Amino acid sequence: MSPHGAVLVVLFVGVLALAVAALFIVPWRTLAAGSPAVPPDVARDFTAAEQARSRAYHRAARPTSLASMAVSLLWTLSLGLTTWGADWVSHAGSTLWLQVILGLRSLLLAGRLLTLPFAVAGRRLALRVGLAAGSWRTWWLDVLKGTLLSLALTLVAAGALLGLARWRPGSWWWWAAAGAAVVVVLLSFILPVVVEPLFLRFSPLPDGAVRQDLLDLARRDGVVVADVLVADASRRTTALNAYVSGFGPTRRVVLFDTLLEQAPPAQTRLVVAHELGHVVNRDVVVGTVFAAVGVALTVLLLSLALSWTWLLDRAGAAGPSDPAVLPLVLALGVLLGIVTAPAQSLVSRRVEARADVHALDLAAGSDPADAARTYARMHKRLAVTNLADLVPNPLRYLWFASHPSTARRIALIRSWASLRGATVPDLATATDASSDGTD
């Protein structure tokens, strides 16, 4: 069998294995068969003013977001699928490493500069509607840190690809696929510990009822948590959030300080219960394995594309070991990401729905009605505070939504409650006390 034939066989088997694994692992059904399906209804839970505020923000933000996406895509494709990118990289220096470090770096920075005005416009809008917070200096530092981190990772990956192609010209793709998979696994351990502190400051949640309640919740869920931390998110945003990050001894519950300040303890508890659901169901571990296999298969697919003479000629590259091939690699990666985005988003939405059910099961205790009402109010609070898109465009939802819409999440809560003989009142007409979850 030829080397390319072997790659095709591995690709077929790998994609088939991922599809079969997804059929059995992804929670396509989150409630028991025959459960009552409550339809999502935005008007049932959000007032006309809340809906109007959400529409106004997203109507104003959408052109900037779409323009940024279009400019980034056109820039990457125009450089990768023509000889422009190859010429750019080749003229940056006389050696391979100069072309990678100077040529690819300048190409990536130019693309970032092209989209930067849209990012500035987006932040101005977020400040105007009260979604963003903090100084412009902090924001610019975050942009700089994010750009440098992305640049460093991309340059290392590009250097490794070219180095392997020159070291093992007849089998570089196997080495690159294995190496990429290992890197994905390593980054899942490293990023929470190394990267998160670059953008957020963390401090232990002081001893008290909230901390003890969250630790008890994790213990009852069978999750070992090293600490409960508070992130100073209010320096950048007014959004509410929490998450669980790390593995083993590094696992910690992280609460945004905005969540602690604005949400009642009962709602905070349910947010954390949702995040614990990801740990109990091994969503991060499974996601990491899927990502590692996916990136390995991507490298193998890339090796087939880089063996296509017509494509290489169109991009102005001599082969996988030529630095001029790097713009083409970036363009192919972007195209593959666009093609696979709907499947990734669908899986993510199902996983998030399962975590919602886990949160309800964990917090229900002897009063499922109270848990359902509190969780529904929490989702409304998150949507209103974070200015969620209450009626997302179907195509954008299909392609990019990693979480179910708020209306779908509240409908799921009502379905869960109805199985237990409980009901969730219409939140659009709830009193202030009920909205806060303090009853």
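Would you please put 343-353, 10-20, 410-420 in order of how densely packed they are, using the mean number of other Cβ atoms within 10 angstrom per residue and starting with the highest?
Working: 343-353: 17.9, 10-20: 13.1, 410-420: 21.3.
Output ranking for 343-353, 10-20, 410-420: 410-420, 343-353, 10-20.
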Rounded to one decimal in nm, the spacing of the 7 Å Cα→Cβ label points at Thr115 and Leu102 is 2.7 nm
Once amide hydrogens are built 1.01 Å from N within the peptide plane, the residues lying 5 or more places from Val230 or on another chain with amide H under 5 Å from its amide H are Ser203, Leu205, Leu255
Per its Cα gyration tensor (rounded if a/c is under 1.5, else prolate when a/b beats b/c, else oblate), the range 275-336 is best filed as prolate
Relative to the chain, whose Cα atoms define the longest principal axis, helix 48-80 and its Cα axis are tilted in degrees, nearest 10, by 10 degrees
Inter-part gap, Cα centre of the range 264-339 to Cα centre of the range 64-99, in whole angstrom, is 19 Å
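Can you tell me how much longer the chain between Thr82 and Ala209 gets when fully stretched, taken as 0.36 nm per residue apart minus their C-alpha distance, in nm with one decimal? Present the calculation step by step, with values, prior to reporting the outcome.
Details: separation 127, 0.36 × 127 = 45.72 nm, distance 6.14 nm.
Computed gain between Thr82 and Ala209 is 39.6 nm.
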Between Thr95 and Ala56, Cβ-based FRET efficiency (R0 56 Å, step 0.05) works out to 0.55
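Multiplying the sequence separation of Ala21 and Ala178 by 0.36 nm and subtracting their Cα-Cα distance, what value in nm do you get?
On the way: separation 157, 0.36 × 157 = 56.52 nm, distance 2.00 nm.
That works out to 54.5 nm of additional length.
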Between the Cα axis of helix 368-385 and the main Cα principal axis of the chain, the angle (0 to 90°, nearest 10) is 50 degrees
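Report the FRET efficiency, 1/(1 + (r/R0)^6), for Leu127 and Val285, where r is their Cβ-Cβ distance and R0 is 35 Å, rounded to 0.05. Don't jump to the answer; show the numbers that get you there.
Values: r = 38 Å, r/R0 = 1.09.
Between Leu127 and Val285 the formula returns 0.40.
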Within the range 46-79, the residues whose backbone N lies under 12 Å from a label point placed 7 Å from the Cα of Arg314 along the Cα-to-Cβ direction are 78
Computed about the Cα centre, the charge dipole of the chain from +1 Lys/Arg and -1 Asp/Glu charges at the Cβ has a magnitude in debye, to the nearest 20, of 660 debye
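Relative contact order, percent, of the chain when contacts are C-alpha pairs under 8 Å separated by at least 6 residues?
Values: 551 pairs, mean separation 113.9, N = 439.
Here the relative contact order equals 26 percent.
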Note to self: C-alpha centroids of the range 1-42 and the range 348-422 sit apart, in Å, by 23 Å
Between (1) 23.0, 67; (2) 23.9, 74; (3) 24.3, 78, the structure-derived Rg and Dmax of the Cα atoms in Å is (2)
With Cα coordinates, the longest principal axis of the chain makes an angle with the long axis of helix 136-167, in degrees rounded to 10, of 40 degrees
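No value in this document is a laboratory result; all are computed from the given coordinates. Note that the structure is a prediction, hence the values are computed from the model and not measured. Virtual Cβ from ideal backbone geometry, glycine too; neighbours counted across all protein chains shown.
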